[in-house]
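Enquirer: Quick one: the structure is below, and I'll ask about it shortly.
The values are calculated or read from the model by the stated rules, or taken from the named source; none is laboratory data. Quick caveat, the model's predicted, so the values are computed rather than measured. So basically every Cβ, Gly included, is an ideal-geometry build from the backbone, and we count neighbours across all protein chains shown. All accessible areas refer to the heavy atoms of the entire protein, side chains included, with ligands and DNA or RNA removed. Shrake-Rupley method; radii C 1.70, N 1.55, O 1.52, S 1.80 Å.
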Amino acid sequence: MGQETLSNLLRETRRFAPPADLAEHANVTAAAYAEAEANPEAFWAAQADRLAWTKPWDTVLDWSNPPFAKWFVGGELNVAYNCVDRHVEAGRGDKVAYHWEGEPGDSRTLTYADLQREVSKAANALLELGVAKGDRVAIYMPMIPELPIAMLACARIGAAHSVVFGGFSAEALRARIDDAQAKLVITADGGYRRGKPSALKPTVDEAVAQTPSVENVLVVRRTGEDVAAGDRDVWWHDLVDRQSEQHVPEGHDAEHPLYILYTSGTTGKPKGILHTTGGYLTQAAWTHHAVFDLKPETDVYWCSADIGWVTGHSYIVYGPLANGATSVMYEGTPDTPHRGRWWEVIEKYKVTIFYTAPTAIRTCMKWGDDIPAGFDLSSLRVLGSVGEPINPEAYVWYRHHIGKDLCPVVDTWWQTETGAMMISPLPGVTDAKPGAAMRPLPGIDADVVDEHGNPVPDGGGGYLVVKRPWPSMLRTIWGDDQRYIDTYWSRFDGMYFAGDGAKKDDDGDFWLLGRVDDVMLVSGHNISTTEVESALVSHPKVAEAAVVGATDPVTGQAIVAFVIPRGGAAGVEGEDFAAELRGHVAKALGPIAKPRQIMVVPELPKTRSGKIMRRLLRDVAENRSLGDVTTLTDSSVMDLIADKLPAAK
Ligand code: 6R9
């Protein structure tokens, strides 16, 4: 970053107040902010009390050895018991935990009682394979019910799981298995994606050929395709089906490892983010209750993420189950067999709360408004967004076309490292602004600081930090305490550095501006890619935009934009359109933010979790050969973009 703080260009005046009846019956009211501020530890202790503990804690927070936090010291609990058994014991065994929808149209319903039986059998199976408390289990699976069952079975016996997203390569899987020294890999023959079986087992075979720590590979049959039988392989149906349905869960220490989840990162070895038991479940459950206003008796909740990402861990598995929610879980892609599949699922299960990512919302904008219009979405009452800054125009589209202007949209900022939501509106409290994550949640002390670590005034921009430990924070990077300190706690003294830029508007509300590595420096001004992208997306003909700073002899960096037109938009080729968009950005943000160059492209390069990979676009804009493309969803996208290149210099 340069000398100046991040520019603060975008002005947004739209406000959306909570619907009156939602506000009246909201799970959490404005009083929570004051209560948490007065005594954050007492506030979190009260939220931990929403869970069942087998042994009470002695101390809420031990911060005597920063940055290594311990929450609920001395307490013991079992995460699987909290997510499953206690709902059955409370007489809610017949309540649906998951309405599972397979991509080919098959479906399964799992009640909490079903889940208790399945998780107990799976826990017994793991024990039979010699997996013990403290061991690590790698999970590489499609979005089928056995995935949360496997995670809960690990949690039940105190083995830490490491879920690796099913789209990762054999080498990525091998590196993660090796780093965690996993004893067992749980996988499937494959899953369904884009209308056909997509194999997983061959990738596992390749990975475990070089991982001596692995004693067994447990394989679920999903697609029925042929798989090679290795001598460590065991079929799930052979082993798990014959197990006892009884397994008595024991309490584990509040700081016992629950899971490791690797963040890909743009450089270097992936970081194994470690989450532990008590604090993690407390914050995952409370935020799910508060931010979605979940009413477990009546709501049907759906998070469209893949469980391979942290969003799926906290908001498909642990948060919703701890709260006794009824969830939808969907196996496949949004456009199979047609582009209305998600809306069809919402109509079918009468989903009331829907949580997705800006990338998906912009894709739906691109496909056209008429697609969601063909389905009954009237059951919806709260909408959520996560993963990237949501452009104000995408927010308004989501609210209007999906939420019928009745549903509050909660833009939730958090990270794999934070474990659960940190900054978000509350749907019954906040007058939300499109594009803003608004305020740190009750109990969270986040701020925006300048390069010296001093808080910026309202209206200023800088770096997002967290100033006080929070229950679901990462405890370390697996096997590398020093890297944990260096990455997160060394940039600013005594503060957690998230790596994101942010600004506070004149009301003190927070706007996230993307990763600080992506900020552009144009003629001495720091300009956020997010703001220029949002200005482009506010043009009626633009569905998606990605902006990068390319080296420029005159201005240091110049803004280069890649745009995808909205479905059906006419006149989106040629210099006239580029000039129109340049003028539009200049009008919205000022002439300094005017892109030097605009390229109309059919697709953008995204990571497998849907975040735009600006690094690759920078390579294109600077006519360099492409860097590492292994985390890209679809590498042919870069060829499509390269075809447009004549315009690029
Ligand atoms: C949950 C998740 C974390 C990074 C984070 C930030 C970006 C996530 C956001 C957001 C703006 C939001 N991010 N939510 N940016 N507004 N509501 O996505 O975790 O995969 O670890 O990514 O995603 O840049 O630092 P993870």
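Enquirer: Pairwise over distinct Cα atoms, reciprocal of the mean inverse distance: report the Kirkwood radius of the range 523-643 in Å, one decimal place. Let's see the in-between values first.
Expert: Values: mean 1/r = 0.0683 Å⁻¹.
Taking every pair of different Cα atoms in the range 523-643, averaging 1/r and inverting gives 14.6 Å.
Enquirer: Largest first, what is the accessible-area ranking of T109, T263, T418 with a 1.4 Å probe?
Expert: On the way: T109 80, T263 20, T418 0 Å².
The most accessible residue leads, giving T109, T263, T418.
Enquirer: What is the dipole size for the chain, taken about its Cα centre, with +1 at each Lys and Arg Cβ and -1 at each Asp and Glu Cβ, in debye to the nearest 20? All intermediate terms of the calculation are to be shown ahead of the outcome.
Expert: Values: 63 positive and 87 negative charges, 130 e Å.
Computed charge dipole of the chain: roughly 620 debye.
Enquirer: Can I ask one more? If each residue of separation counts as 0.36 nm, what is the full-extension length gain between R221 and W235 once their alpha-carbon separation is subtracted?
Expert: On the way: separation 14, 0.36 × 14 = 5.04 nm, distance 0.75 nm.
That works out to 4.3 nm of additional length.
Enquirer: Moving on. Hey, can you rank 167-175, 332-340 by average C-beta count inside 10 Å, highest first?
Expert: Details: 167-175: 18.3, 332-340: 16.6.
Result, highest mean first: 167-175, 332-340.
Enquirer: Shifting gears a bit: Out of all Cα-Cα pairs in the range 440-538, roughly what percent, to the nearest whole number, are more than 19 Å apart?
Expert: Numbers: 2337 of 4851 pairs.
Cα-Cα pairs of the range 440-538 separated by over 19 Å account for 48 percent.
Enquirer: Label points 7 Å out from Cα along the Cβ direction at W63 and T263: separation in nm?
Expert: My value for the distance between the label points is 2.0 nm.
Enquirer: Ok, one more. At 1.4 Å probe radius, can you tell me the per residue accessible area of the chain in Å²?
Expert: On the way: 23050 Å² over 649 residues.
Per-residue accessible area for the chain comes out at 36 Å².
Enquirer: Scaled to the compact-protein estimate 2.2 N^0.38 Å, what is the alpha-carbon radius of gyration of the chain, rounded to two decimal places?
Expert: On the way: Rg = 23.9 Å, N = 649, 2.2 N^0.38 = 25.8 Å.
Rounded to two decimals, the normalised Rg is 0.93.
Enquirer: Of G75, G494, G224, which is farthest on the positive side of the dipole of the chain, counting Cα position, with +1 on Lys and Arg Cβ, -1 on Asp and Glu Cβ, and the Cα centre as origin?
Expert: Positive-most Cα among the choices belongs to G224.
Enquirer: Picking from I157, T111, Q557, whose Cα lies most toward the positive end of the charge dipole for the chain (charges on Cβ: Lys, Arg +1; Asp, Glu -1)?
Expert: Comparing the listed Cα positions along the dipole, Q557 ranks first.
Enquirer: Now a separate question. Given the pairs K95/K606; K271/K366; K541/K611; K95/K133; K503/K611, which span a C-alpha to C-alpha distance of over 28 angstrom in this model?
Expert: Working: K95/K606 38 Å; K271/K366 34 Å; K541/K611 22 Å; K95/K133 30 Å; K503/K611 20 Å.
In this structure, K95/K606; K271/K366; K95/K133 lie more than 28 Å apart at Cα.
Enquirer: What fraction of the DSSP beta bridges in the chain is antiparallel, stated in percent and rounded to the nearest 5? Don't jump to the answer; show the numbers that get you there.
Expert: Values: 58 of 97 bridges.
Counting only bridges with both partners in the chain, antiparallel ones make up about 60 percent.
Enquirer: Something else about it: Could you tell me which trypsin sites (Lys or Arg not before Pro) in the range 9-117 are loop residues by DSSP with no more than 13 other beta carbons within 10 angstrom of their beta carbon?
Expert: Numbers: sites: R11, R14, R15, R50, K70, R86, R92, K95, R108, R117; in loops: R11, R14, R15, R50, K95.
Counting only loop positions with at most 13 other Cβ atoms within 10 Å, the trypsin sites (Lys or Arg not before Pro) in the range 9-117 are R11, R14, R15.
Enquirer: Can you show me the helix-derived [θ] at 222 nm for the chain, built from DSSP H runs with n ≥ 4 at -39,500 (n - 2.57) apiece and divided by the number of residues, rounded to the nearest 500. Numbers along the way, then the final one.
Expert: Values: 19 runs with 169 residues, N = 649.
Theoretical 222 nm ellipticity from helices: -7500 deg cm²/dmol.
Enquirer: Rank-order 78-85, 224-231 by packing density, defined as the average count of other C-beta atoms within 10 Å over each peptide's residues, highest first.
Expert: On the way: 78-85: 26.9, 224-231: 11.8.
Packing proxy ranking, top to bottom: 78-85, 224-231.
Enquirer: Tally Lys and Arg at +1 and Asp and Glu at -1 over the other residues with C-beta under 10 Å from the C-beta of A180: what net charge comes out? Could you put the intermediate results ahead of the total?
Expert: Values: positive: R136, R176, K183; negative: D135, D178, D179.
Net of charged neighbours comes to 0.
Enquirer: Local charge sum around D135 (other residues, Cβ-Cβ under 11 Å, Lys/Arg +1, Asp/Glu -1)?
Expert: Details: positive: K133, R136, K183; negative: E215.
Computed value for this residue: +2.
Enquirer: When the gyration tensor of the range 323-480 is built from Cα positions, what are the square roots of 5 times its three eigenvalues, in whole Å, from largest to smallest?
Expert: 32, 19, 15
Enquirer: Once the Cα atoms of the range 485-591 are picked out, what are the Rg and Dmax in Å?
Expert: Gyration radius and largest Cα-Cα distance of the range 485-591: 16.5, 53 Å.
Enquirer: Grab every C-alpha pair in the range 23-163, bin the distances at 10 angstrom width from 0 up to the longest one, and report whole percents.
Expert: 10, 28, 32, 24, 7, 0
Enquirer: Next question, about the same structure. How are the C-alpha pair distances of the range 212-287 spread across 5 Å bins, as whole percents from the shortest bin up?
Expert: Values per bin, smallest distances first: 3, 10, 11, 12, 15, 20, 17, 8, 3, 0.
Enquirer: At 0.36 nm per residue, and after removing the present C-alpha to C-alpha distance, how many nm does the segment from K350 to T333 gain when stretched out fully? Before the final figure, lay out each step's value.
Expert: Values: separation 17, 0.36 × 17 = 6.12 nm, distance 1.95 nm.
Gain in length upon complete extension: 4.2 nm.
Enquirer: Going by accessible area, probe 1.4 Å, with all protein chains left in place, what is the ranking of H313, H525, largest first?
Expert: Values: H313 0, H525 70 Å².
Ranked list, largest accessible area first: H525, H313.
Enquirer: Placing one identical point scatterer on every Cα of the range 347-386 and ignoring solvent, what is log10 I(q)/I(0) from the Debye formula at q = 0.15, 0.17, 0.28 Å⁻¹?
Expert: Debye curve over Cα of the range 347-386, log10 I(q)/I(0) at q = 0.15, 0.17, 0.28 Å⁻¹: -0.38, -0.49, -1.09.
Enquirer: The range 150-289: Rg/Rh from Cα coordinates, Kirkwood Rh? Numbers along the way, then the final one.
Expert: Working: Rg = 16.3 Å, Rh = 16.7 Å.
That ratio equals 0.98.
Enquirer: Cross-link partners among aspartates and glutamates for K350, C-alpha distance below 15 Å, same-chain residues fewer than 8 apart left out?
Expert: Cross-link targets: E101, E297, D299, D376.
Enquirer: Between S625 and T551, what's the calculated FRET efficiency when r is the beta-carbon distance and R0 is 22 Å? Round to 0.05. Let's see the in-between values first.
Expert: Numbers: r = 15 Å, r/R0 = 0.70.
Calculated value: 0.90.
Enquirer: Kirkwood Rh over alpha-carbon pairs of the range 270-369, then Stokes-Einstein at 37 °C and 0.692 mPa s: what D in µm² s⁻¹, rounded to an integer?
Expert: Working: Rh = 14.6 Å.
Roughly 225 µm²/s, to the nearest whole number.
Enquirer: Taking the full set of protein chains and a 1.4 angstrom probe, give the accessible area of D179 in square angstrom, rounded to the nearest 10.
Expert: 40 Å²
Enquirer: Additional query: Post the alpha-carbon centroid distance, the range 565-599 to the range 253-292, in whole angstrom.
Expert: Using only Cα atoms to place each centre, the spacing works out to 41 Å.
Enquirer: Please give the FRET efficiency for T54 paired with H400, using the beta carbon to beta carbon distance and R0 = 41 Å, rounded to the nearest 0.05. It would help to have the intermediate numbers written out before the result.
Expert: Working: r = 48 Å, r/R0 = 1.17.
That pair, T54 with H400, gives E of 0.30.
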